[in-house]
1. So which of Lys225/Lys449; Lys148/Lys443; Lys225/Lys301 end up more than 26 Å apart by C-alpha?
2. Would you mind listing how long the chain runs along its three principal axes, going by Cα atoms, in whole Å with the largest first?
3. So, with a 1.4 angstrom probe, what is the percent of accessible area on the chain that is carbon and sulfur?
4. Determine how large the accessible area of Lys449 is when every protein chain is in place; take a 1.4 Å probe and give Å² rounded to the nearest 10.
5. With a 1.4 Å probe and all protein chains left in place, how much accessible area per residue does region 167-219 have, in Å²?
6. From the phi angles alone, apply the Karplus equation (6.51, -1.76, 1.60; θ = phi - 60°) to region 442-449 and give each ³J(HN,Hα) in whole Hz, x where the residue is Gly or Pro.
7. Could you sort Ser371, Ser51, Ser396 by accessible area so the largest value comes first, with the probe set to 1.4 Å?
8. Keeping all protein chains in the complex and leaving out DNA, RNA and ligands, what accessible area do you get for Arg275 with a 1.4 Å probe, in Å² to the nearest 10?
Amino acid sequence: MNSMSRRIFVAALPLVAVGLASAVRAQGGSPVIAGVTLFQNVRIFDGKSGSLSAPSSVLIKGNGIERISTAPIAAEPGVTVIAGGGRTLMPGLIDAHWHAMLVRPSPADAIAGDVGFNNLVAGAEATDTLMRGFTTVRDMGGPTFGLKRAIDLGIVPGPRIYPSGAMITITGGHGDFRQLSDLPRTIGGLLSRMEQIGGSMVADSPDEVRLRTREQLMQGASQIKLTAGGGVSSPFSPIDASTFTEAELRAAVEAAENWGTYVTVHAFTPAAIQRAIAAGVKCIEHGFLMDETTAKLIAEKGVWLSLQPLPEELRQGFPVGSVQRAKADEVWPGIAATYELAKKYRIKTAWGTDVLFSQALAQQQGAILASLVRWYSPAEALTMATATNAELLALSGKRSPYPGKLGVVEQGAVADLLLVEGNPAENINLIADPAKNFKVIMKDGRVYKNAL
Ligand SMILES: [Zn+2]
């Protein structure tokens, strides 16, 4: 190549890159375009107030709620009319702690199985998730970027995904599923299988944390997930262990904040939670072993607490005598105690399920939400899974993949809606049987189910 042709070649590179990017975006068709839909005679649970509206009409144009009125709205030609018959119209549900790639596969498949197979399984589960009325999930770790793209393009029906990408852990920490035979690791050396597929990344210094954080952001992560303490399901991390140093946590926080978003951490103990808050972490996942002092600190700092009313079946699923079972037995009593603390100190509390490796448990997603009535009224529980969870999603700022307001039924909000037989703000158990009780499921203005 002579110097002239080299100059032309180098100058053309950005254009080639732009061309490639748009070709990649265009693969597999364009996003689904929604039409115009008119709900008539519905009573609205708007995600904020506990009581239902008077009978109303709700007009959906494109992907948004155009107009809400107690006076009839005329149906113009070409409009799809849904006669609500006095049923309840509510926001689509949001699960704030989900793992779209880890719901159905076995742990062995998730970590070492075929990536194509795992994505097809996750696609089928994503469709079921949407059919349970969950129109958005906040993904707390796993290689979801491809699945999310396929859903957003309308190739596979599924919920909106706020992806974290790989969860970031230390050597031996929660999310490090390597075997002892994989040790020792050489920094800069070969990646383990779980790292190659983007499930979790091991980082053992501020520099490594920064690098892995930036890699997730480059792929489109809307928030960053680190594991700041030991976990139940991972083989080597003791529950009482704090994992990352404050400097390591701060490296992730700085990289995420530079990008306009935030870090959330898996943490159970007061020590792990307090260190994370000192480093600037904005949300704590689980927190089940916290004490009063820590609860007060979370409240004072305005940090989010993302809680899950983990079902008893999950604890019993760990074999008796296993390390995981012993850890689960230690953590489980803390669930109720933590909900009590969250209420006592009025902590900003999100709701999620954290279902892992069980299609059967995933089918209980609505029932797990309904189980919140141990601590909250049905309307409070529904608010948490809609408007409140949407507030947490909004912490992603401009890194939110979905512009517009989620989790509420109001003019101008995104049209993610459920039409429910009965009033779930009084009888929340309706949510536990979506096949029967969710008559219409709409996401982004498009009807995915209409059983009327
Ligand atoms: Zn989780």
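1. Flagged as over cut-off: Lys225/Lys449.
2. Each principal axis gives a Cα extent; for the chain these are 69, 68, 39 Å.
3. Its accessible area is 57 percent carbon and sulfur atoms.
4. 40
5. 51
6. 10, 10, 6, x, 10, 7, 9, 8
7. Greatest to least solvent exposure: Ser51, Ser371, Ser396.
8. 80
The values are calculated or read from the model by the stated rules, or taken from the named source; none is laboratory data. Since this is a predicted model, take the numbers as computed values, not measurements. FYI the Cβ positions are ideal-geometry reconstructions off the backbone, even for glycines, and counts take in every protein chain you see. SASA here: full protein model, heavy atoms, side chains in, ligands and nucleic acids out. Shrake-Rupley method; radii C 1.70, N 1.55, O 1.52, S 1.80 Å.
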